[in-house]
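Notes for the one structure printed next.
Bear in mind that the values in this text are calculations on the coordinates, not laboratory data. Fair warning: this is a prediction, and the values are worked out from it, not measured in the lab. Here the Cβ is made from the backbone with ideal geometry for all residues, glycine too, and neighbour counts use every protein chain on show.
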Amino acid sequence: MPDDTGHFGNYGGSMVPPALEKAIAEVTTAYESIRQDPAFRKELHTLYKHYVGRPSPIFFAKRLSDAIGGAKIYLKREDLNHTGAHKINHAIGEALLAKYMGKKKVVAETGAGQHGVAMATACALVGIECEIHMGQIDIEKEAPNVTRMKVLGCKVIPVTFGTRTLKDAVDSAFEAYLADPENQLYAIGSVVGPHPFPMMVRDFQQIIGEEARDQFQEMEGRLPDYVMACVGGGSNAM
């Protein structure tokens, strides 16, 4: 767990404008309360099972193992979740948090679109308005995901300043959140941003490791020698 200031060792913490300090403190308090609530945990895991399709399987990739030689390689198939990635795990958690806090809208950013699609799906599920900020370059590159978000009733905001990619989409989404933190929740899609967001995303993604540990032991009778994860923003690796 991070310390009281949200630091994981040398990393983490919270550096936000004074105008956001109260709103971030409210999110921290609400999350600390809800994460201990048996009713919340039951609702979350019921949705994981019956909506997301968890547990996602692990699969022995025999041909890949043979081609590389040496290790037996297993894949945790998060791509089989509803919406096609691990992003739905934290998206549903954050949408439920917004509902618990009485928020009317979720604001989020997306790069390739997977977090945006997952967040739009989760908001449609719980009945909360969704607004996704996305760089203009990414909008053009990831047109199918933009269409999916719009079909789900999400408002997609093109970001046309700076690099017109994820970095600037984060800035744009935070500015929108700052305009009305009382009625909105900013749902971060990776282990970035101020505390408690990295901790929240870590907690919701923990389900991957919990499942994989049990599944691998069932198949091999022991734990793996190595666990490898891809890293972009870090939600999957965390």
Exercise. Take every Cα pair under 8 Å in the chain that's 6+ residues apart, average their separations, divide by the length, and report that relative contact order as a whole percent.
Key: 20
Quiz item: Expressed as a rounded percentage, what relative contact order does region 1-131 have, with Cα pairs under 8 Å and six or more residues apart?
Solution: 16
Quiz item: What are the residues whose amide H is under 5 Å from the amide H of Cys130, where those residues sit 5 or more places off or on another chain and H is modelled from the backbone?
Solution: Val106, Lys155
Quiz item: Angle, helix 87-100 long axis vs. longest principal axis of the chain, Cα atoms, 0 to 90°, nearest 10?
Solution: 40
Quiz item: Where in region 93-124 are there trypsin sites (Lys or Arg not before Pro) that are in a DSSP coil and have at most 15 other Cβ atoms within 10 angstrom of their Cβ?
Solution: Lys104
Quiz item: Taking Rh as the Kirkwood radius computed over C-alpha pairs, what is the Stokes-Einstein D of region 138-236 at 25 °C in a medium of viscosity 0.890 mPa s, expressed in µm² per second?
Solution: 149
Quiz item: Once the piece of chain linking Met101 and Arg63 is laid out straight, how much longer is it, given 0.36 nm per residue of separation minus the C-alpha distance between them?
Solution: 8.9 nm
Quiz item: In region 151-238, which trypsin sites (Lys or Arg not before Pro) are in a loop and have at most 15 other Cβ atoms within 10 Å, using DSSP for the loop call?
Solution: Arg222
Self-check item: Inter-label distance, nm, simple model (7 Å from Cα along the C-beta direction), Glu220/Thr163
Solution: 3.5
Quiz item: Given R₀ = 25 Å, FRET efficiency for Asp171-Lys150 by Cβ-Cβ distance, to 0.05?
Solution: 0.65
Quiz item: Expressed as a fraction of 2.2 N^0.38 Å, the rule-of-thumb size for a compact globular protein of N residues, what is the C-alpha radius of gyration of region 13-220?
Solution: 1.08
Self-check item: region 88-143 shape via C-alpha gyration tensor axes, a/c threshold 1.5
Solution: prolate
Quiz item: Under the Karplus relation 6.51 cos²θ - 1.76 cosθ + 1.60, θ = phi - 60°, what is the ordered set of whole-Hz ³J(HN,Hα) values for region 203-220, x standing for Gly and Pro?
Solution: 4, 5, 7, 4, 4, 4, x, 4, 5, 4, 4, 5, 5, 5, 5, 5, 7, 10
Practice problem: Hey, can you grab everything whose amide H is under 5 Å from the amide H of Gly13? Only 5+ residues off in sequence or another chain; H modelled, so Pro and N-termini drop out. | Solution: His7, Phe8, His195
